[in-house]
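Student: There's a structure below that I have some questions on.
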Amino acid sequence: YLATFQVAGHLSFRRVTRGKLPFTVKRYQDELYVVRTALHSPLSIGDKIIGVNGLSVKEYGKQHEVMLHGEPESRQGFFWYTLLSYATTLTVVHDGHTVTIPVELNGEWQEEESYFCRQLNQHTVYLRLKDFADDIAISRVYQNNDALLRDCEYLIIDVRGNGGGNDSAYVPLFQYCLPEGKTSASLQSGIFDSGIEINYTKRNCSHRLRQFEDTLQQDIPEETRKLLQQFVDEMKANCGKGFLPFGSGDSSEEMPYVGIKTPRKVYVITDEECASSGDAFVNDIRKCEKVTVIGRPTMGILDYSNCSGEWYDDYVLVYPTSRSLYLDKGIQMRGYGVPVDIHIPWTPAHCHCDVDLNTVLDLIEKEH
């Protein structure tokens, strides 16, 4: 039922105690390829799912097409994770043999390093941001690696699969991405910069104020504190007034950083699972002339955002409380995402090597 609203990512209903599928997939043509695995997964990276519940992948997808949110095949992987978790059997090509296995929700996912910065060679630094959820940890990475980030000739920022969090967590990156001496005021507005309106119902305000005020009690970076305080002030002033515009709509105006000389060039690697604040980051950062965005367009779920939640025992309904004003201009991000400058289609070759990162390194090598 909720899928019929076609609001991917920011509208869901789930039982929090339900198990997790022990692998993730991407679709290539009429097959699903395993791209990540949990502990004790029955499948391996590169395995090929060719059937679900006795149907071909194409037939099963057609039968449940509303759950795929109208996305083209190359952008369906995120939605197949949910869809497969409700299946009973899978037909899989594993180790060269075709087998049928039951679907078991026993995924125990190992914690992976979410944020890190590493020097790849004497002139290139790689920054990985799995999400923007932990402002304190991300701020610590920026601070601990400031010299590396300032002195490198090329910076690679990897936000593939970035599940979002707080926009404030990426603001400090603009000092490395803006041209020397330039501020965010020099950036031109794009089609997704029309601002948002928030539904200030009493219920929404009550839920979100509790969330924000709990966060403000923590030791958070100043950029995060400033943004959250702005939300709190507007919530209190507008509680019960329904839909009202929030702020000016220019997402770059709260970025106080001035560009520095190096890095000379920045490559941002993204994909169709980069979402929410990940969408916002790519949308904002791609306006900087130093930046080249490479990979695949983001998930594109900012049409409706700023989520709240309602709990029912072990179940939670997550829903958006804001809508983007570009919708009134006939523009939508759903189904398209934030575009890239250099498109790298996903293929099964990505299962065996990092095609996206290798492409960036090749570009740097040729330029250097």
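The values are calculated or read from the model by the stated rules, or taken from the named source; none is laboratory data. Everything numeric here is computed off the predicted structure, so don't read it as measured data. Positions of Cβ are backbone-derived with ideal geometry, glycine not excepted, and every protein chain shown enters the neighbour counts. These area figures cover heavy atoms from the full protein model, side chains too; ligands, DNA and RNA do not enter into them. Shrake-Rupley method; radii C 1.70, N 1.55, O 1.52, S 1.80 Å.
Student: At 1.002 mPa s and 20 °C, plugging the Kirkwood radius over alpha-carbon pairs of the chain into Stokes-Einstein gives what diffusion coefficient in µm²/s?
Tutor: On the way: Rh = 21.9 Å.
Translational D for this selection: 98 µm²/s.
Student: Taking 0.36 nm per intervening residue step and subtracting the Cα-Cα distance, what contour gain separates Phe116 from Gln230 on full extension?
Tutor: On the way: separation 114, 0.36 × 114 = 41.04 nm, distance 2.94 nm.
So the extension gain works out to 38.1 nm.
Student: Positive end of the dipole of the chain, charges at C-beta (+1 Lys, Arg; -1 Asp, Glu), about the Cα centre: which of Val338, Val360, Phe281 has its Cα farthest in that direction?
Tutor: Most positive-ward Cα: Val338.
Student: Still on this structure: Pull out the extension gain between Asp354 and Arg36, defined as 0.36 nm times the separation in residues minus the alpha carbon to alpha carbon distance; nm, one decimal.
Tutor: My answer for the length gained is 113.2 nm.
Student: Rounded to a whole number, what % of the accessible area of segment 67-163 do carbon and sulfur atoms account for, probe 1.4 Å? Walk me through the intermediate numbers first.
Tutor: On the way: 2210 of 4740 Å².
That fraction is 47 percent.
Student: Whenever you get a sec, line up Arg150, Arg160, Arg18 from highest to lowest accessible area (probe 1.4 Å, protein heavy atoms). Provide the component values of the computation, followed by the final result.
Tutor: Values: Arg150 85, Arg160 40, Arg18 65 Å².
Most to least solvent-accessible, the answer reads Arg150, Arg18, Arg160.
Student: Could you sort Trp346, Trp80 by their accessible area in this structure, using a 1.4 Å probe and putting the largest first? Don't skip to the end; give the middle numbers.
Tutor: Details: Trp346 25, Trp80 0 Å².
Descending accessible area places them as Trp346, Trp80.
Student: Using amide H atoms built 1.01 Å from N in the peptide plane, name the residues 5+ places from Thr89, or on other chains, whose amide H lies under 5 Å from its own.
Tutor: Asn53, Val103
Student: Given segment 218-324, what percent of its DSSP beta bridges are antiparallel, to the nearest 5? Numbers along the way, then the final one.
Tutor: Details: 8 of 13 bridges.
Within segment 218-324, antiparallel bridges account for around 60 percent of the total.
Student: Name the residues of segment 47-67 whose amide N is less than 20 Å from a point 7 angstrom out from the Cα of Thr88 along the C-beta direction?
Tutor: Only 50-65 fall inside the zone, counting backbone N under 20 Å.
Student: Given the C-alpha centroids of segment 92-145 and segment 287-306, what is the distance between them in whole angstrom?
Tutor: Value for the Cα centre distance between the two parts: 19 Å.
Student: What accessible surface, in Å², does a 1.4 Å probe find on Val103, ignoring ligands, DNA and RNA and rounding to the nearest 10?
Tutor: For Val103, the solvent-accessible surface is approximately 30 Å².
Student: With a 1.4 Å probe and all protein chains kept in place, how do Ser206, Ser322 rank by accessible area, largest first? Please list the in-between numbers first.
Tutor: On the way: Ser206 55, Ser322 5 Å².
Result of the area sort, largest leading: Ser206, Ser322.
Student: Leaving out ligands and nucleic acids, note down the accessible area per residue over the chain with a 1.4 angstrom probe, in whole Å².
Tutor: The answer is 48 Å² per residue.
Student: Considering amide H positions built from the backbone, and no H for Pro or chain starts, which residues 5 or more places from Cys274, or on another chain, come under 5 Å of its amide H?
Tutor: Close amide H contacts, sequence-distant or interchain: Gly161, Asn162, Met299.
Student: Which of the helices in the chain, when you take each full DSSP H run, stretch at least 30 Å along the axis at their Cα atoms and have an average Kyte-Doolittle score of -0.5 or higher?
Tutor: None clear 30 Å together with a mean of -0.5.
Student: Okay, moving on. Given the protein chains as shown and a 1.4 Å probe, how many square angstrom of His207 are accessible, to the nearest 10?
Tutor: Spelled out: His207, probe radius 1.4 Å, area about 40 Å².
Student: Another one. Classify segment 241-367 as rounded, prolate or oblate from the Cα gyration tensor: take a ≥ b ≥ c as the square roots of its eigenvalues, call it rounded if a/c is under 1.5, otherwise prolate when a/b beats b/c and oblate if not.
Tutor: Values: a/c = 2.35, a/b = 1.48, b/c = 1.59.
Note, shape of segment 241-367 comes out oblate.
Student: Still on this model: Per DSSP helix of 4 or more residues, -39500 (n - 2.57); summed, then divided by the residues of the chain. What does that give at 222 nm, rounded to the nearest 500? Intermediate results must be reported in sequence, preceding the final value.
Tutor: On the way: 9 runs with 90 residues, N = 368.
Computed ellipticity for the chain at 222 nm equals -7000 deg cm²/dmol.
Student: Which value in nm describes the separation of the simple spin-label points at Leu55 and Glu367, placed 7 Å from the Cα toward the beta carbon?
Tutor: 4.6 nm
Student: What's the extension gain from Glu213 to Ser44 if we count 0.36 nm per residue and subtract their Cα-Cα distance?
Tutor: Numbers: separation 169, 0.36 × 169 = 60.84 nm, distance 4.34 nm.
Taking 0.36 nm per residue and subtracting the Cα distance, the gain is 56.5 nm.
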